[in-house]
Structure formats: structure tokens, C-alpha cells
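To start, the structure itself, in C-alpha cells.
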There are 2 protein chains.
Amino acid sequence: MSPKVSQEHKEQRRAKLIEAAAEVFIENGYETATMKHVMDKAGVSRGGLYQYFENKEDLFREVIQGNQEKIIDGSLEKLIKQQSSYWDVLLVIMLGDKKESNDKMDPLSPSKLEYFVTRRNDEKRREYARLRYFDAFEMTTKIIERGETAGEFIPRFPIRLIAKSIISYIDGLALGHAILDSRTLELKEQTTLLLNYLKWALGVEEE
Amino acid sequence: MSPKVSQEHKEQRRAKLIEAAAEVFIENGYETATMKHVMDKAGVSRGGLYQYFENKEDLFREVIQGNQEKIIDGSLEKLIKQQSSYWDVLLVIMLGDKKESNDKMDPLSPSKLEYFVTRRNDEKRREYARLRYFDAFEMTTKIIERGETAGEFIPRFPIRLIAKSIISYIDGLALGHAILDSRTLELKEQTTLLLNYLKWALGVEEE
């Protein structure tokens, strides 16, 4: 077997393990999930899992890393070219390609909340939370700034604060999603209200 | 010793234990706090603690119960009489007596997040979370409805959704407070922005 094939094989193996782990975290949440659950789900031995991932935390970060990259990678520039307005770019970032409020939430979000809230005094975990926050913050800020430069947005408030308010509101919805039933949360309707707040804050003209 | 004195003594004892527990949860968070921490903090024996509280969860609920009552009890009617507008009533509910945005957050809020997010599939915990949500929701809704009836508010959106948006935003801020540094969060500034969103959504006239 050539080293190249072996490397490919390893990558595939790794990807499958991450996929299995994602399912385990979605089903169990972060705290109650174990490496054993992942072994069972993926049908691998202890050695087969630990060869790729040191521990549950390591594995979880890989899972949510892949999850976030889907959104923020694909590069912002490409996204901007595809959309007809910066408002639409914001919608894609927040709601996905359909740009419509919906009742769906990232199924990993309850586990993410758990991960970041529990043992939050762990300095490495805090640092990681900060990095993730800044990724979302910078992307949002950049889109709003570009929209302002293009004359599409006339922000009523400092752009950095509008960006932070989006994150806070969405974090709050994620929390509601984790602990409330969907009729109580009204995710879709609350998301539409967030969009209304934003249109007003950004001075977006109604079509 | 008369039964009455003994009852009083017990109540005092219980209150002291709840106070010590609050400190322990603030210092350690929910998951890492133990009954042993509370015994040490209060300077009581194992028996002295378990005589009053069955377990950590029981104790925690007592802590946050007292914490919430301070806000929602004291009766809404009394609060309405004390304030010159329904907007001011909303401000007191959200910001306390000074009615000003500030950088303070309930020090128990990170523990509360932990408690509600971890093991959220526990049906009793979910039910309790729902009850707490409805308390906040009903109070907020009632204030806005009264303000609408009085002609002070002219809501642009369904009142129930505006109320839910307040809770979502504040929950998101609580999450940020638990994991971010204060310069990143900008709690005071984000709170002011929330107030601006609300003034607009409620059609509150600027003075």
C-alpha cells in the first residue's frame, strides 16, 4: 500500500468518526456523551478511536469546527458576489441559502451551549469560546461595513454593537431551543422579529 | 424551648444555608459545586445540611427561587403605582431600581445557564425551566398590554413576540457574560441597544 492511499484511508476514517461523534453529541448532549458511545456508533474499537482523537473534548472541537467552517468558509467574497445585496448576504449567514426565517436550529447547538457554559473557568475553553465569538463577530461586522460603504445600510448605531446584538439574540434563541418546546420558543417568528430590528437598526429600505 | 422559637431558629438556619450555597454556586458554578463545599462555607456538618436539603439540586432551586422572587414578587401592581410610566416599569424589571443600563449581571446567572442546559432531557428540569420562562414571559406581556391599553405603547409587532424577544436577548447576554470578558461583551452598551429596539417596537415616544 502506498503512503498516499494510506493517508487517504486515514482521512476517510477520521471523517467517519467525526460524523459518528456528531450524532452521539446530538443524541446525548456534551456532558453525558462518552468515547464509548462514539465507539459503538462508529463500530470501532477503543484503539480505533483513540488513534485519531485524544479525548472527548478533542473530538467535540473537531465536530464543531467542521460545522462552523461550512458557514464561514466558502469565503465571504464568493458569497457577496452571489447575492444581490449585503442584506441578502446577512440573511444567508443567519438563515442559510433559502434566506427565510424557519424553525430549524443547528442540532449541535445544545451541546455547544453545554460545552461552553460548563467548566467555563477552564482557560483553554474560554479562549476557544472567544475565538469562535470573534469569527462570528468579524464576519458580521465586515458585511455591515461593506453594506454601509456601498450605501445600502445607514446604521443608526455603532456597527460593532449591531453585530454583537445579532449574536446575543441568536445565542438566546439557541438557549431557548435547548430547553423550551417549539411552540413556546416560536423560533421562526422570533427570527423574523430579529430581522425587523435589524432592518430598522441598519436603515434598510423596505422593498 | 417553645416550638415557635425552634421554628424560627430553623428558618434562620435554613436561610443561612441558602446564603452560603449561593456563594458556593457563584464561585464554582453548578456542575462543580458540591454539598461538601456548602458544608465548609456554612461551617456545618453533613447532618446539619442534609437535615434541610436533600441534595444539590434541591438546594440550588431554593437559591434561585429566592433570587427570582425578589424581582417578581413585591407585586407588579405596587411597582406600577410607583412608576410614572409603563416604560419605566419595564426598565425596573430589566435593570433594577436605577433604571439604567449597566455592566452588572446577576452573579448566579452562569450557574443557572449550566443548570438548565446540562441534562436538559431530565423532564423535571425542563418543567422547571418552562415555569421560570413563563413567569418572566407573563410579567413582561402584562406590562406591555397595560401600557398599550393606557395608550403609552403602540406596538408594531405582536406583544407576545416582543416579550419573547426581550427574554431571548437577555438570555444571550447572560450567556455572553458567562463566557466572554466584559470588554468583548459590552453588556451596558448592548443593553442600551436592546432598549432602543424595544422603544421602536413598542412605539415609545422619545422624551
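The table below lists the values:
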quantity: Pick from segment A:141-186, criterion of a type in the set (Ser, Thr, Tyr) and within 30 Å of B:Tyr128 (Cβ to Cβ), ranking: farthest from the other protein chains (Cβ to nearest Cβ); calculated: A:Ser182
quantity: Only one of A:Leu175, A:Leu161, A:Leu185 that is within 19 Å of A:Gly96 (Cβ to Cβ) and assigned by TED's automatic domain parsing to the domain that holds A:Met94; calculated: A:Leu185
quantity: Within segment B:1-112, helices (runs of 4 or more DSSP H) holding 2 or more residues that are surrounded by 14 or more Cβ atoms within 10 Å (Cβ to Cβ) and at pLDDT below 95; calculated: B:3-28, B:56-72, B:76-82, B:86-95
quantity: Residue pairs meeting the criteria (Cβ under 7 Å; at least 6 apart or on separate chains; first within 18 Å of A:Ile26 (Cβ to Cβ), in segment A:166-181; second outside any helix (DSSP H, G or I)); calculated: A:Ala174/A:Met105; A:His177/A:Met105; A:Ala178/B:Arg120; A:Ile179/B:Arg120
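The values are calculated or read from the model by the stated rules, or taken from the named source; none is laboratory data. Predicted model only: the values in this text are computed from it and were never measured. Using ideal geometry, Cβ is built from the backbone for each residue, glycine included, and neighbour counts are taken over all protein chains shown.
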